[in-house]
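Notes follow once the structure below has been shown.
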Amino acid sequence: MGYSIHKIELPTIFEMKTVNSYIVKGDSVTVIDCGERSDECWAAMIKGLADLNLTVSDIDEILITHAHVDHMGMAKKLSDESGAKVKVSDLVYDWAIHLEREWDTRTEVMKQAFTDLLTKEQATHFFAILNSWFGNLHKYWDAMSENQVERFDYKGLVNIGGYDFQSIHAPGHSYTQTCFFYEQSGDFISADMLLPITPTCVIETNPKTKKGRNKSMLELLNSYNLLRKMDIQKMYPGHYTIKETHKELIDRQVNRIMMRKDYVLELIETGHNQFMTLFNALYDRKMNFPGLVMTIGYLDLLEHEGSIHSIQNDNGRVYIAH
């Protein structure tokens, strides 16, 4: 092909330790995702570019896969320093321009979701943890001005390095997530959709009703079904590296999700019918946000397939097997 794709690993504040930025060198130079705004991340980007005989001024455009801090937090700084436009889908645009508003909305949706699931005492404890986890994220994420940003069609073609990649909407980890596929080569920029670990199904506002939360786990499985049918030859993930084929990876991830979902049903059938009881059994009482939202996802799957129903009482939501 007339382009090449190069990975730069950037440090992240999250548990996976690094996030991947990709440099596509073709007729132009495109940076796909750019990490968080921090001195450490900036230094890693500068070194990674230098290793490719590039500087910041060589960047022609910056392309964002989805609206999470570890993928676009440093976009404004990179745009400021390079003069390059930041290309985002319509799904990401408000996060690029109206970051504070979008983050406040997502936080309220998360709080409402857990208020529904927990006792008042549990909810008070959880919100303290939530504020600790996410209260400092703004330090790592800058909003952009409108003149820095260009939109692309999240279901259309996106020019990357002079070549037209198909944008693939792949919700599940995030409803805003797009991946990029070049059919002639089989190259697939997979963002956080295809990873060696199961992507966390983040709680977000329902995109259709604009209130309440979406059902991310259902979206994730639908995206897996879509991607499994594609002729992907090489994956470029948002974290880590991948050695499996995409079909092997998807089958393994789906099987694990179904196994965990079935285990949750067994727990409910044996009397573990409240959210925190289920979470503690799944994650050995180790408090972690990915585990909390994945527990919600397994319950969503069980309710969707009709295996359980739930009722609300003074002790939170109670799950009952059919």
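The values are calculated or read from the model by the stated rules, or taken from the named source; none is laboratory data. All values derive from a computational prediction rather than experimental measurement. Cβ placement follows ideal geometry from the backbone for every residue including glycine, while neighbour counts extend to all protein chains displayed. Surface accessibility is based on the protein's heavy atoms, side chains included, excluding ligands, DNA and RNA. Shrake-Rupley method; radii C 1.70, N 1.55, O 1.52, S 1.80 Å.
Give me the percent of the accessible area of the range 214-263 that comes from carbon and sulfur atoms, probe 1.4 Å, all protein chains in place.
Carbon-and-sulfur percentage of accessible area, whole number: 50.
How large are Rg and Dmax for the range 202-300 when calculated on the C-alpha trace, in angstrom?
15.6, 46
Over the chain, what is the mean sequence separation of C-alpha contacts under 8 Å (at least six apart), divided by residue count, expressed as relative contact order in percent?
Relative contact order of the chain: 15 percent.
Evaluate Rg over Rh across the range 182-235, taking Cα atoms for both radii and Kirkwood's formula for Rh.
1.06
In the Gaussian network model of the chain, springs joining C-alpha atoms below 10 Å, which of 233, 184, 253 carries the largest mean-square fluctuation?
Comparing 233, 184, 253 in a Gaussian network model of the chain, the most mobile one is 184.
Would you mind calculating the relative contact order of the range 1-72 from Cα pairs under 8 angstrom and at least 6 residues apart, reporting the percent as a whole number?
31 percent
Provide 240, 319 ordered by accessible surface of protein heavy atoms (probe 1.4 Å), highest first.
Descending order: 240, 319.
Write down the Å³ per residue value for the convex hull defined by the alpha carbon atoms of the range 9-75.
Considering the Cα atoms of the range 9-75, their hull volume per residue is 76 Å³.
Give the separation of the Cα centroids, the range 34-76 to the range 193-247, in Å.
The range 34-76 and the range 193-247 have Cα centres spaced 23 Å from each other.
What does the charge dipole of the range 216-322 about its Cα centre add up to, to the nearest 20 debye, if the Cβ of each Lys and Arg holds +1 and the Cβ of each Asp and Glu holds -1?
With Lys and Arg at +1 and Asp and Glu at -1, about 440 debye.
Leaving out ligands, DNA and RNA, what percent of the accessible area of the range 1-129 is carbon and sulfur, probe 1.4 Å?
C and S atoms contribute 48 percent here.
Heavy-atom accessible area per residue, the chain, 1.4 Å probe: how many Å²?
Ligands and nucleic acids excluded, the result is 45 Å² per residue.
Beyond a 32 Å Cα-Cα separation, which of these cross-linked pairs lie in this structure: 25/261; 76/111; 25/247; 243/286?
As for pairs spanning more than 32 Å Cα to Cα, those are 25/261.
Which value, in debye to the nearest 20, gives the size of the charge dipole of the chain about its Cα centre, when Lys and Arg are +1 and Asp and Glu are -1 at the Cβ?
Here the size comes out at about 540 debye.
Which one of 92, 310, 257 has its Cα pushed farthest toward the positive end of the charge dipole of the chain, where Lys and Arg give +1 and Asp and Glu give -1 at the Cβ?
310
With all pairs of different alpha carbon atoms counted, what Kirkwood hydrodynamic radius in Å does the range 1-114 show?
Computed over Cα pairs of the range 1-114, the Kirkwood hydrodynamic radius comes out at 14.7 Å.
Whose amide H sits under 5 Å from the amide H of residue 308, counting only residues 5 or more places off or on another chain, with H placed in the peptide plane?
Correct list: 303, 322.
Starting from the eigenvalues of the Cα gyration tensor, five times each then square-rooted, give me the equivalent ellipsoid semi-axes of the chain, largest first, whole Å.
36, 22, 17
Taking +1 at the Cβ of each Lys and Arg and -1 at the Cβ of each Asp and Glu, which of 21, 223, 267 sits farthest along the dipole of the chain towards its positive end, judged by Cα position relative to the Cα centre?
My answer, from the dipole projection, is 267.
Given 0.36 nm per residue, what is the gain on full extension from residue 208 to residue 305 after removing their alpha carbon distance, in nm?
32.8 nm is the gain from fully extending residue 208 to residue 305.
Please list, by residue number, every one of the GluC sites (Glu not before Pro) in the range 246-322 that is coil in DSSP and has at most 15 other beta-carbon atoms within 10 Å.
Of the GluC sites (Glu not before Pro), the ones in loops of the range 246-322 whose Cβ has at most 15 other Cβ atoms within 10 Å are 305.
Calculate the dipole size of the range 1-92 relative to its Cα centre from +1 charges on Lys and Arg beta carbons and -1 charges on Asp and Glu beta carbons; express the result in debye to the nearest 20.
Value, rounded to 20: 40 debye.
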